[in-house]
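Enquirer: Sharing a structure, written as structure tokens. Questions coming.
Rule-based calculations on the coordinates, nothing more; no lab input. Bear in mind the structure is a predicted one, so any value in this text is a computation, not a measurement. Here Cβ is always computed from backbone atoms with ideal geometry, including for glycine, and neighbour counts include all displayed protein chains.
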Amino acid sequence: MGDFPHYFDIILFAMVAAFLVLRLRSVLGRRTGQERRRNNPFLRQAEPPRDQGPADKVVPLGPRVAAPPPPASEPPGDAVAAGLASIHNADPEFDPAHFVEGARVAFEMIVAAFAAGDKAKLRPLLSDEVYRPFSAAIDERNAAKETLETRILGLKQLDIVEAQLAGSWARVTLKIVSDQINVIRAHDGSIVDGDPDHPIEKTDFWTFGRDTRSTDPNWALVATDSG
């Protein structure tokens, strides 16, 4: 009987410890294996090519869809469909609908970065051949102490018009029709070119390319043209 108080203390301490554990679980939660992971919006896009900057500079041209693209005006022709099929055979992850959505995001990102003169954002999105004239235009604008204001008011058309696979190199060209406001201002804010109140319709042909053998799933803008 003399040991009973000792055993009572042990039982009491055990009950207190169990209570504290339950309280901590209720506050901090338990890992069940189904917790939502920290969002990495570039998980599918992997790392930026050539150590060109942090991952937030990567264009999402992979299979993830954030919003529906503008409806295609007409189905792709036989040559385009054959090219898309060849690219899909080389890269089973390639999906034309998802690619078009990624291209829409890329178009908006590149247009905005060029207007802002942000070379750091442009660099990983463009091939060397495209980056050089973009960078030169930004330098020329800065030297003249001019600024470019660009607003995309809407995308009227976003269609794949060419697709081909040459060896392992895939190229996809899109026709992009958009309503934009583009205004160039001098250092004092006066308008050098453009009209801030009246949008213009622009037709662009942008070609994206990617080596299908590469482990990097990102596409880069490799050519531009205007219609």
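Enquirer: Which is farthest toward the positive dipole end of segment 95-166 among ALA113, ALA103, ILE160, measuring Cα position about the Cα centre, with Cβ charges +1 (Lys, Arg) and -1 (Asp, Glu)?
Expert: Comparing the listed Cα positions along the dipole, ALA113 ranks first.
Enquirer: Tell me, what HN-Hα J-couplings in whole Hz come from the Karplus equation 6.51 cos²θ - 1.76 cosθ + 1.60 at θ = phi - 60° for each residue of segment 86-101, using x for Gly and Pro?
Expert: Rounded to whole hertz, the list is 5, 5, 5, 5, 6, 9, x, 6, 6, 9, x, 5, 5, 4, 4, 5.
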